[in-house]
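Working notes, beginning with the structure itself.
The values are calculated or read from the model by the stated rules, or taken from the named source; none is laboratory data. Computed from a prediction, not measured in an experiment: that's the story for all the values here. As a convention, Cβ positions derive from the backbone with ideal geometry for all residues, glycine included, and neighbour counts pool all protein chains shown.
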Amino acid sequence: MIDALTASPVQPPEGAAADWTIPQNWPSYTPAEHALWDRLFARQAAMLEGRVVPSFLRGLDVLRLSKPGIPDFEELSERLDKLTGWKVVAAPGLVPDEVFFRHLANRTFIAGQFIRKPEQIDYLQEPDVFHDVFGHVPLLSDPVFADYMQAYGEGGLRSLTFGALEKLARLYWYTVEFGLIRDGGGLKLYGAGIVSSFGESHFALEDPSPNRIGFDLKRTMRTRYRIDDYQQTYFVIDSFEDLLRQTLETDFAPLYRDLAEAGDLETDAVLDTDRIICRGTQARAVRR
Ligand SMILES: [Fe+2]
């Protein structure tokens, strides 16, 4: 699932505001579209029980996301605002990086307005309302994760002045989209790209193919990622507190210089210095 970070149009399309937001126009969803949301919701919620970080399930609950039908962003934002000061607004698909970062820095999450077609139930390229709202919004009710998302947006705006967007995008990819987290003795899912995907929810946690490596900011930002298949490596954070701390404490200017010198790593690389939690067989990638 590609995300907003890969977009680069310049002007908001017709009908969008200067900040690229559009009205969600909730009454325009058809009964079939609401039913598709319900189907996706029921399948993912059942799959995630015991697999996802507990604060995600708490988020589903406190935001009342299990209420049938595609959520109304206004109602959702009201609940979210009371918890962490975030809100959800609609956008017409992909937006420029700067716009995306500015919204995050202002504690606004922009979500796709449309929902996928029934034949795209298992895969689509552009983030739709199910990926964006079911995948991303529950964790915005977690105060620490909510702060991380804001810090990421602020870091994103700074990265543009360093020409380091590609490196910073990897941090988003391997945490917000495809992150795993330690939970007791085991691992749990928290990345939106995983939790909104039926196939990858299983794969990321249980399949022997991918590497699972302890998260380190610099290591993660050196690593390329795949947009055409499940990830070959997942990075595991110890906690949201640790992720936020590493992000806030890092001086990104020297880090970007180091990264330019260190060079990129392939999607399946394993280094001697890695904290290896599980070395993958890469069977899936070899097969394909
Ligand atoms: Fe996403």
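May I ask you to list the residues in region 241-274 that are among the acidic types (Asp, Glu), touching a helix residue (DSSP H, G or I) at 6+ places or on another chain (Cβ under 8 Å) and not in a loop (DSSP other than H, G, I, E, B)?
Step one: list which residues in region 241-274 are among the acidic types (Asp, Glu), which gives 241-242, 249, 251, 258, 261, 264, 266, 268, 272, 274.
Those still in the list that are touching a helix residue (DSSP H, G or I) at 6+ places or on another chain (Cβ under 8 Å) too: 241, 258, 264, 268, 274.
Once the filter is applied, which keeps residues that are among the acidic types (Asp, Glu), touching a helix residue (DSSP H, G or I) at 6+ places or on another chain (Cβ under 8 Å) and not in a loop (DSSP other than H, G, I, E, B), region 241-274 yields 241, 258.
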Note: among 171, 205, 187, 139, just one is under 23 Å from residue 43 (Cβ atoms) and under 16 Å from the mean Cα position of the chain (by Cα), namely 139
When region 263-286 is checked residue by residue, the ones that are over 19 Å from residue 214 (Cα atoms) and among the hydrophobic types (A, V, I, L, M, F, W, C) are 283, 285, 286
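With region 1-98 as the region, which helices (runs of 4 or more DSSP H) entirely inside it contain at least 1 residues that are under 22 Å from residue 152 (Cβ atoms)?
It comes to 54-62, 73-84.
Can you pull out every residue in region 80-103 that is more than 30 Å from residue 230 (Cα to Cα) and without any contact (Cβ under 8 Å) to a residue 24 or more places away in the chain?
Those that are more than 30 Å from residue 230 (Cα to Cα) and without any contact (Cβ under 8 Å) to a residue 24 or more places away in the chain: 81, 82.
Within region 104-147, restricting attention to residues that are more than 22 Å from residue 65 (Cα to Cα) and touching a residue at least 24 places away in the same chain (Cβ under 8 Å), which residue is nearest to the ligand (Cβ to nearest atom)? First the steps, then the outcome.
Step one: of region 104-147, the residues more than 22 Å from residue 65 (Cα to Cα) are 105-106, 119, 125.
Narrowing the set further to residues that are touching a residue at least 24 places away in the same chain (Cβ under 8 Å) leaves 105-106, 125.
Working: 105: 17, 106: 18, 125: 12 Å.
Within region 104-147, the match that is nearest to the ligand (Cβ to nearest atom) is 125.
Select, from 132, 122, 142, 97, the only residue that is of a type in the set (Asp, Glu) and surrounded by fewer than 15 Cβ atoms within 10 Å (Cβ to Cβ). I'd like the intermediate steps shown before the answer.
On the way: 132 fails: surrounded by fewer than 15 Cβ atoms within 10 Å (Cβ to Cβ); 142 fails: surrounded by fewer than 15 Cβ atoms within 10 Å (Cβ to Cβ); 97 fails: surrounded by fewer than 15 Cβ atoms within 10 Å (Cβ to Cβ).
That would be 122, the only listed residue that is of a type in the set (Asp, Glu) and surrounded by fewer than 15 Cβ atoms within 10 Å (Cβ to Cβ).
Residue by residue, here is whether (1) within 13 Å of the chain's Cα centre (by Cα); (2) in a helix (DSSP H, G or I) holds:
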{"residue": "133", "(1), (2)": "yes, yes"}
{"residue": "147", "(1), (2)": "no, yes"}
{"residue": "167", "(1), (2)": "no, yes"}
{"residue": "175", "(1), (2)": "yes, yes"}
{"residue": "181", "(1), (2)": "no, no"}
Pair list, Cβ < 8 Å and 6+ apart or interchain, from region 173-197 residues that are among the charged types (D, E, K, R) to residues that are modelled with pLDDT under 95 and within 13 Å of the ligand (Cβ to nearest atom)
177/1; 177/3
Identify all residues within region 153-169 that are surrounded by fewer than 22 Cβ atoms within 10 Å (Cβ to Cβ) and within 16 Å of the ligand (Cβ to nearest atom); write none if there are none.
153, 169
Determine which single condition residue 211 fails, assuming it passes every other condition in (1) touching a helix residue (DSSP H, G or I) at 6+ places or on another chain (Cβ under 8 Å); (2) buried (at least 21 other Cβ atoms within 10 Å of the Cβ); (3) polar (S, T, N, Q); (4) more than 23 Å from residue 22 (Cα to Cα).
(1)
Counting only helices (runs of 4 or more DSSP H) entirely within region 187-240, those with at least 2 residues that are closer than 20 Å to residue 122 by Cα and within 15 Å of the ligand (Cβ to nearest atom) are 192-195, 198-206
Which of (1) in contact with a Leu (Cβ under 8 Å, 6 or more places away or on another chain); (2) at pLDDT below 95 is the odd one out, the single condition residue 212 does not satisfy?
(2)
